[in-house]
Each structure stands twice: as structure tokens, then as C-alpha cells.
Amino acid sequence: MSGQIPAVFDRPVLGIETSCDETAAAVVEGIQLRSNVVASQADLHHRYGGVVPELAARRHIERLVAVVDEALEAASLDVADLGAVAVTCGPGLVGALSVGVAFAKSLSLASGKPLVGVNHLEGHIYANVLVHGPFPTPALALVVSGAHTDLLWIPDYGQYRVLGRTRDDAAGEAFDKAARALGLGYPGGPEIDRLSRRGDPARVPMPEPLASEGGYDFSFSGLKTAVLRALQQTPSPDPADVAAAFQRAVVSHLVRRTVRAAEDLQPACLLLGGGVAANRLLRESLGREAQRLGIPLWLPPPWLCTDNAAMIACVGAFRLARGERAGLDLRAWADLPWDGLPPR
């Protein structure tokens with residue numbers, strides 16, 4: 001039985017996102033997207049093969065005011081027209097998060113607008129709401145990003161039970177490390193996806209993680225090691241074949257565990273979110289399995305899979321409607337529990 005669709009804050013909400021290497025601001029009214037601005041730092045971190053936290057925080061400081069101004073202008077609004085300010089307060093890089101939190105608190109204090117802190121990971125789930133509307137519950141959600149791989153049971157809005165999570169690397173992190181081993185750029189996921197299109201995954205053997213174990217946990221460190229070993233072979237295989245085999249193994253592992261949970265729990269819908277949710281093979285594979293099971297699969301478009309402030313504003317609108325507000329003691333958290341609230 002689906003839960004009741006909750007109320008949504010009906011005034012414009014400014015969302016601010018600075019959890020990692022994207023400086024983002026957006027305006028959402030209800031669940032309607034009015035503007036969405038993302039300033040990527042990929043060019044800055046590309047030379048290092050990954051995000052450098054201090055550089056990310058500095059770039060947020062340089063760009064955030066302009067990004068917020070652009071989001072307000074695109075929505076044809078002034079600060080006075082806003083109903084509230086929502087900001088990512090975790091999880092993420094503390095230095096980067098602190099820039100956004102400090103700005104949001106200052107804007108809230110100066111304008112008198114309510115402030116709400118948002119869990120970045122919850123935002124990845126609500127990216128679906130911006131496209132498809134409120135999702136039916138109970139739902140099963142797979143959130144796959146550079147730092148997290150979590151399988152969640154959502155009995156109702158704002159309620160989360162972690163069914164499984166990665167025991168080592170997150171899927172996105174494994175993509176980045178495999179891409180580095182293959183001599184590809186950052187971020188690794190899109191690079192591996194492009195290279196794999198001309199490779200044959202059957203030519204390079206890859207292990208099946210946790211093959212002898214039940215449950216819903218994930219593990220990707222063995223696949224990362226398998227890439228390194230394959231490249232050390234003499235003669236070494238075609239990098240495109242390695243990329244294709246690695247991607248197929250990661251996706252198969254994600255889909256297999258998610259399907260197991262769906263068969264066991266029979267959710268009203270499946271939700272996919274996070275940066276890795278933009279992966280072509282993952283979307284296709286999970287789509288086929290969802291169709292076989294007769295369970296609707298909700299996918300955000302690729303531009304809402306990567307970090308953005310629209311999903312943060314959307315979560316904020318639901319939390320504000322429940323009467324949730326943050327004080328000026330709101331801080332940045334490197335980690336947050338899945339109920340979306342800072343640990344006490």
C-alpha cells in the first residue's frame with residue numbers, strides 16, 4: 001500500500017550545493033524547477049586525477065555568489081521573493097560544505113528567510129521527484145555515487161532503512177581508480193563508459209564480488225584489483241576490453257543485489273540516483289530487470305544524476321512543509337545518517 005503523498009512547501013526555495021566539486025544553486029517552487037545552475041570544477045581537478053579538497057573549497061568561495069545570482073536571475077526572482085533557503089550540510093568534504101553552509105546562514109540571517117539543512121544523499125533520491133512527481137511508497141532506492149553505494153528501503157517519505165552498502169570502495173570511486181589505471185581522465189565513469197563502447201567484455205575475466213554471500217551488500221575493491229592485474233599481463237589486453245569488462249562487472253553486481261532486494265520486498269517502485277546513475281549500461285540493465293519484475297523504475301535524467309542544487313531545494317521544500325527549520329548553529333558534517341538529520 002502506498003503511503004500518503006506529503007505536503008510540499010509552496011513558496012520558492014533556493015537550494016545551495018557545495019558538497020564536493022560542483023558549485024551549484026537552483027530555485028524550486030513546489031516541485032517545479034525554475035532555475036538550475038552548476039559550475040563544474042572538473043577542469044581544475046582533472047590534472048590530479050581526483051578532487052583536491054582544499055582547491056575545491058577555494059573554488060566554491062570564488063564562484064558561489066555569482067552562481068546564486070545567476071540562479072535567482074534565471075528564475076526572475078530577488079532574494080525578497082524567496083520563501084526559504086536550503087543547503088547541503090553533509091555528507092561531503094567538510095571544507096567545501098562549510099562554504100555553502102556559511103553562505104546560506106548569512107543569506108538567511110540577512111533576509112529573514114527560513115533555513116533548512118539537507119542531506120546530500122537524500123537529494124539524489126528526490127532528483128526523481130523533479131521529473132516524475134512524488135514517488136509511490138514503499139520504495140526501493142539504489143544511490144550510487146563517487147563516495148557512497150547504498151541500497152535503501154523507504155517505507156514512507158523521510159523514512160530510510162539501509163539494506164546494504166559497500167564494504168570498501170564506492171562504485172564511483174572504483175570507476176575513478178580503474179580509469180586512472182587505464183590512463184583515462186577524471187571523472188572516471190564517463191571515460192570508462194566511452195572507452196567500453198568499442199571493447200568486448202568477454203575477453204577479460206572479472207570476478208563476481210561476494211558471489212558466495214547472500215544479503216544486499218556491495219564490494220568493488222576486488223574489481224579494481226582485477227583491472228590492475230589485467231593490465232600487467234603479457235601481452236596486455238586492449239584497454240577498451242578491460243574497460244568494458246570492468247563496467248559490465250560493476251553494473252552486474254549493482255543490478256544483481258538490487259533485484260534480489262526487489263524480489264524479496266516487492267516495492268511499489270525502484271528509484272535510482274547518484275552520479276553513477278548516469279551510466280548507460282546501468283540504466284539499461286536495471287530497466288530490463290525492472291520490466292521483467294513488473295516494478296516501475298524511476299530514473300532522473302543524466303543532468304540531475306550528478307551533483308546539483310535542484311535536488312537539494314526539492315528536499316528542502318518537503319522538509320519545510322513538515323515544519324523543519326535549522327538554526328544558525330547549523331554546521332557541515334562529513335557524514336550524516338540516512339534520516340537526513342545531523343547526528344546528536
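May I ask you to verify whether Pro235 is of a type outside the set (A, V, I, L, M), at pLDDT 95 or above and outside any helix (DSSP H, G or I)?
So Pro235 fails the test.
So Ala80 clears everything in (1) assigned to a strand (DSSP E or B); (2) of a type in the set (A, V, I, L, M); (3) more than 20 Å from the chain's Cα centre (by Cα) except one condition, right? Which one?
Looking at each condition in turn, Ala80 falls short on (1).
Taking the stated definitions as given, is Arg167 touching a helix residue (DSSP H, G or I) at 6+ places or on another chain (Cβ under 6 Å) and surrounded by fewer than 20 Cβ atoms within 10 Å (Cβ to Cβ)?
no
Among helices (runs of 4 or more DSSP H) lying entirely in region 269-344, which contain 1 or more residues that are buried (at least 24 other Cβ atoms within 10 Å of the Cβ) and touching a Lys or Arg at 6+ places or on another chain (Cβ under 9 Å)?
Correct list: 310-321.
Is it the case that some residue within region 205-227 is in a helix (DSSP H, G or I), modelled with pLDDT of 95 or more and over 18 Å from Asp168 (Cα atoms)?
no
Could you give me the residue pairs with C-beta distances under 6 Å whose first residue belongs to region 103-122 and is more than 14 Å from Gly316 (Cβ to Cβ), whose second residue is in a helix (DSSP H, G or I) wherever it lies, and which are 6+ apart or on separate chains?
Phe103/Leu64; Ser111/Val79
State whether one or more residues within region 53-67 are closer than 19 Å to Leu121 by Cα, crowded, with 17+ Cβ neighbours inside 10 Å and of a type in the set (Val, Ile, Thr).
no
Report, ordered by the first and then the second residue, all pairs with beta carbons closer than 7 Å, sequence separation of six or more or different chains, a first member in region 265-289 that is among the charged types (D, E, K, R), and a second member that is surrounded by fewer than 24 Cβ atoms within 10 Å (Cβ to Cβ) and at pLDDT 95 or above.
Sorted first by the residue in region 265-289, then by its partner, the pairs are Arg280/Asp193; Arg283/Leu299; Glu289/Val255; Glu289/Val259.
Within region 245-261, is there a residue that is buried (at least 19 other Cβ atoms within 10 Å of the Cβ), assigned to a helix (DSSP H, G or I), aromatic (Phe, Trp, Tyr) and modelled with pLDDT of 95 or more?
Taking every residue of region 245-261 in turn, at least one turns out to be buried (at least 19 other Cβ atoms within 10 Å of the Cβ), assigned to a helix (DSSP H, G or I), aromatic (Phe, Trp, Tyr) and modelled with pLDDT of 95 or more.
The values are calculated or read from the model by the stated rules, or taken from the named source; none is laboratory data. Note that this is a predicted model, so its numbers are computed, not measured. So basically every Cβ, Gly included, is an ideal-geometry build from the backbone, and we count neighbours across all protein chains shown.
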